[in-house]
Amino acid sequence: MKKIYILGVLLTAILSTHSQSFETDIETLISEVSIDSLLSNVRILSGEDSVYINGEKTLIEHRVAGWGNSLAEDYLAERLEACGMQAVRQNYSSGATNVFGTLQGSVYPEQYYMICAHYDAVTYYAADDNASGCATVLEAARLLSEESFPYSVIFAFWDEEEIGLFGSSYYANYADNFGINIDAVINIDMIAWDGNNDGLIEIHTKPVNQSVSLANFMQNINETYAVGLMPSIKNPGTTASDHSPFWNHNYSAILLIEGYYSNDFNPYYHTTGDRINHFNISYFHKSAQLAIGSLASLAMANITGTEQFETTTNNTITNYPNPFRCQTTIDINLSENSEVSIVIIDQLGRKVSDVYNGKLAKGTHQIQPDIYLENGYYHMIMQTSDERLTRKIAVVK
Ligand SMILES: [Zn+2]
């Protein structure tokens, strides 16, 4: 019963992604990213505005790990709880604590997407580095927790990034040890400085697992939803932020950051001048929209790797190579003669290719479809009279 139920839900998920409303849902969510909410959280986290924490009005004077930053930790935990999530405090060494919450997926609760940012700082204020990232993760939590997604989503805040990526390293190691299936990690670190107002934002990646495809995926989100930024992919990107420990454990991960390699980096970096009054507000807003739109698109439909879903018959569909560049061979095995239709749909649920339509006899078959697909992730769907099988495929050029 359980398997049939899962297939039923999957079918519903795929069908719902097949309509136009899917795109509209993401578009709506992107439009709901609130600059007021983002700025309010930056002001609170960078000690410009006081706020109620643990029932008392207080000011987060700083977030420096070595000076004790548990007030910021408490605030972040309270915000996650306010979104209906349990806030986990991962106290991994004396006084050092990661904070994270999980939004459970409705179909694949054991498969996760992650958005994360470090909350520690080197000195007072630290608005761009990295209250900007934390505010984006909080905004993602606020918006996504109002919806239901097939995949689980983790919203995480790391401690001690500034003194050696300690918090994220601890977590990545823990996730690896416990076999936590994180399909993609989006790390946000400094996304509010754009001195020349050209909208350039960097996406740092590296050929680790699906990290390069993930960067391309984010770049496409900017196009598809006309976010209005100029994403520049850096490959190989820097290892100087919290995505890097995930690379070390072979997770797909990217960093979203202002012009770090492009000569448009916050000149107040690591000084008490890093305050909200230097933000390029429209740029910050769009950067948060890009991050949150990407996360929601992943959690809604996607796709990393090459999964074969469980089935109620012995029918199978696989392809190799996968990921592929141009050509792939599809192997089909049918337990009885069937009418078969095979289509490929993209991240937004749009059909991009008809691979096969017709009768096939019991047994194994090979198809070498003549298809051209852009870089990215897709679902290949095989429908027979009594079931629907889905396989994730990836095209990497
Ligand atoms: Zn930082």
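The values are calculated or read from the model by the stated rules, or taken from the named source; none is laboratory data. On a predicted model such as this, the values are computed, not experimentally measured, just so you know. Note: ideal-geometry Cβ built from the backbone for every residue, glycine included; neighbour counts use all protein chains shown.
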* Asked: Just for region 154-185: of the residues that are among the acidic types (D, E) and not in a loop (DSSP other than H, G, I, E, B), which one is farthest from D120 (Cα to Cα)?
  -> D183
* Asked: With respect to the numbered conditions (1) within 16 Å of the ligand (Cβ to nearest atom); (2) in a strand (DSSP E or B); (3) not aliphatic (A, V, I, L, M), which one is the sole condition not fulfilled by T239?
  -> (2)
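In region 234-249, what residues are touching a strand residue (DSSP E or B) at 6+ places or on another chain (Cβ under 7 Å) and under 7 Å from H204 (Cα atoms)?
Answer for region 234-249, where residues must be touching a strand residue (DSSP E or B) at 6+ places or on another chain (Cβ under 7 Å) and under 7 Å from H204 (Cα atoms): K234, G237, T238.
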* Members of region 172-187 found to be more than 25 Å from G273 (Cβ to Cβ) and either outside the structural domain of L138 (by TED's automatic domain parsing) or within 16 Å of the ligand (Cβ to nearest atom) (or both), listed by number -> V185, I186
* Structure fact -> By residue number, the members of region 107-153 that are charged (D, E, K, R), farther than 19 Å from N69 by Cβ and either part of a loop (DSSP other than H, G, I, E, B) or within 16 Å of the ligand (Cβ to nearest atom) (or both) are E146, E147
* Looking at (1) more than 11 Å from the ligand (Cβ to nearest atom); (2) crowded, with 20+ Cβ neighbours inside 10 Å; (3) under 21 Å from L39 (Cβ atoms), find the lone condition where F166 falls short. => (3)
* To do: Determine, yes or no, whether N248 is in the same structural domain as F157 (by TED's automatic domain parsing), at pLDDT 95 or above and touching an Asp or Glu at 6+ places or on another chain (Cβ under 6 Å).
  => no
* Tally, over region 56-81, of residues that are hydrophobic (A, V, I, L, M, F, W, C) and part of a loop (DSSP other than H, G, I, E, B) -> 2
* Structure fact -> Going through region 142-163 in order, the residues found to be of a type in the set (V, I, T) and more than 16 Å from M300 (Cβ to Cβ) are I163
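For region 188-197, check the following and say yes or no: at least one residue is of a type in the set (D, E, K, R), touching a Ser or Thr at 6+ places or on another chain (Cβ under 8 Å) and more than 16 Å from the ligand (Cβ to nearest atom).
No, region 188-197 contains no residue that is of a type in the set (D, E, K, R), touching a Ser or Thr at 6+ places or on another chain (Cβ under 8 Å) and more than 16 Å from the ligand (Cβ to nearest atom).
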* Mind telling me which of the residues M218, M230 ends up being hydrophobic (A, V, I, L, M, F, W, C), surrounded by fewer than 23 Cβ atoms within 10 Å (Cβ to Cβ), away from the ligand (no atom under 16 Å from the Cβ) and within 28 Å of R325 (Cβ to Cβ)? => M230
* Asked: Restricting the search to region 252-286, which residues are among the aromatic types (F, W, Y) and closer than 22 Å to S37 by Cβ?
  -> F279, Y283, F284
* Please state which of the following conditions Y283 fails to meet, knowing it meets all the rest: (1) on the phi < 0 side of the Ramachandran plot; (2) touching a Lys or Arg at 6+ places or on another chain (Cβ under 6 Å). => (2)
* Looking at (1) at pLDDT below 95; (2) more than 20 Å from S168 (Cα to Cα); (3) surrounded by 23 or more Cβ atoms within 10 Å (Cβ to Cβ), can you tell me which one V212 breaks? -> (3)
